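Taking it in order: structure first as structure tokens, then the write-up.
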Amino acid sequence: MAITSSSLCSRAECRWVDGDGRPTTAARSFVMVDKTTDTMWLAQDVHLAWRGNDVVVLKVASDAYSCLVGGAEILRPVDHAPDAVAAHPDYQAELLATGLIAPDRPATRRRRAPPPVRALQPEPHAPFGSAVQTAVLILAAGRRFEISPLDRLIRSEPLRRDQPASSRVAEVVAAFYSTLPWVPSPGQCLKRSFALRRLLAREGIVADWVFGVRTWPFLAHCWLQIDDVLLADDLDRVRGFSPILTV
């Protein structure tokens with residue numbers, strides 16, 4: 001039995017390849033037989049999310065999503081080990097050949113953000129001087145976004161993690177959203193969250209950048225959070241997505 005996957009989307013166009021919400025390439029359903037699974041390592045740029053019986057795959061290097069329909073029968077997550085998966089032994093050779101798993105642990109350890117339980121949504125407000133400075137920073141972030149592939153974007157911020165005062169975080173978020181209507185910036189979540197993350201980083205505030213997916217129909221979304229606090233997004237909306245990558 002060959003492992004096949006269906007292409008879902010790239011950063012430029014997030015949708016299924018056909019019009020009815022189903023993949024056009026042939027997809028097989030995998031049946032788990034009674035054999036012990038082995039723990040394997042995910043490849044360095046591969047990230048997975050489980051949605052029902054399917055597994056969504058994000059390959060950061062190629063900036064593309066795909067789906068293993070029925071893949072949960074041969075791949076399972078490992079508790080407390082985001083770098084690892086439990087892989088059915090009958091399919092390990094094919095998983096290695098497709099670049100989904102690797103024999104060695106990746107150099108960069110993965111993290112999982114806690115599920116957000118509350119949202120910070122301050123009213124947009126900023127003094128004129130602060131708004132001008134914020135607009136300049138948003139424009140600079142937009143230029144960097146347009147010329148950078150996804151793997152460079154997610155490595156572009158410092159790893160230092162401060163414990164900022166919630167009032168300062170609210171001030172930065174409020175200034176950001178009060179300025180957005182005055183600068184040319186598309187509404188896509190990826191560009192918006194990238195710009196806000198850079199703005200927060202300039203203030204010594206490092207937020208988790210979380211990417212999530214859902215299926216049938218496929219949707220991808222990303223958001224920022226600090227610990228379990230969601231920044232300027234809708235809590236109910238975000239809860240509908242399964243996290244696939246946390247930066």
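The values are calculated or read from the model by the stated rules, or taken from the named source; none is laboratory data. Everything quoted here is computed from the prediction, not taken from an experiment. Cβ sites come from the backbone with ideal geometry, for glycine too, and all protein chains shown count toward neighbours.
Summary table
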quantity: Within segment 185-207, tally of residues that are touching a helix residue (DSSP H, G or I) at 6+ places or on another chain (Cβ under 9 Å) and not in a loop (DSSP other than H, G, I, E, B); calculated: 11
quantity: When residues of segment 156-176 are limited to those that are of a type in the set (D, E, K, R) and modelled with pLDDT of 80 or more, the one surrounded by the fewest Cβ atoms within 10 Å (Cβ to Cβ); calculated: Arg168
quantity: Residues being closer than 21 Å to Val60 by Cβ and part of a loop (DSSP other than H, G, I, E, B) - total across segment 82-106; calculated: 9
quantity: Count - residues of segment 208-237 that are without any contact (Cβ under 8 Å) to a residue 40 or more places away in the chain and assigned to a helix (DSSP H, G or I); calculated: 2
quantity: Residue identified as more than 30 Å from Leu75 (Cβ to Cβ) and in contact with a strand residue (DSSP E or B) (Cβ under 6 Å, 6 or more places away or on another chain) among Leu139, Leu95, Leu120; calculated: Leu120
quantity: The lone exception for Arg76 - which of (1) at pLDDT 90 or above; (2) in contact with a strand residue (DSSP E or B) (Cβ under 7 Å, 6 or more places away or on another chain); (3) part of a loop (DSSP other than H, G, I, E, B) it fails; calculated: (3)
quantity: Selected residue (criterion: farthest from Ser148 (Cα to Cα)) from residues of segment 46-72 that are crowded, with 17+ Cβ neighbours inside 10 Å and of a type outside the set (A, V, I, L, M, F, W, C); calculated: Gly70
quantity: Segment 177-194: number of residues that are at pLDDT below 90 and among the hydrophobic types (A, V, I, L, M, F, W, C); calculated: 3
quantity: Flag for Met40 being touching a helix residue (DSSP H, G or I) at 6+ places or on another chain (Cβ under 7 Å), at pLDDT below 95 and assigned to a loop (DSSP other than H, G, I, E, B); calculated: no
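Every residue, every condition in (1) closer than 15 Å to Leu180 by Cα; (2) not in a loop (DSSP other than H, G, I, E, B); (3) not assigned by TED's automatic domain parsing to the domain that holds Asp83, yes or no:
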| position | (1), (2), (3) |
| --- | --- |
| Thr108 | no, no, yes |
| Arg111 | no, no, yes |
| Gln133 | yes, yes, yes |
| Ala140 | yes, yes, yes |
| Phe145 | no, yes, yes |
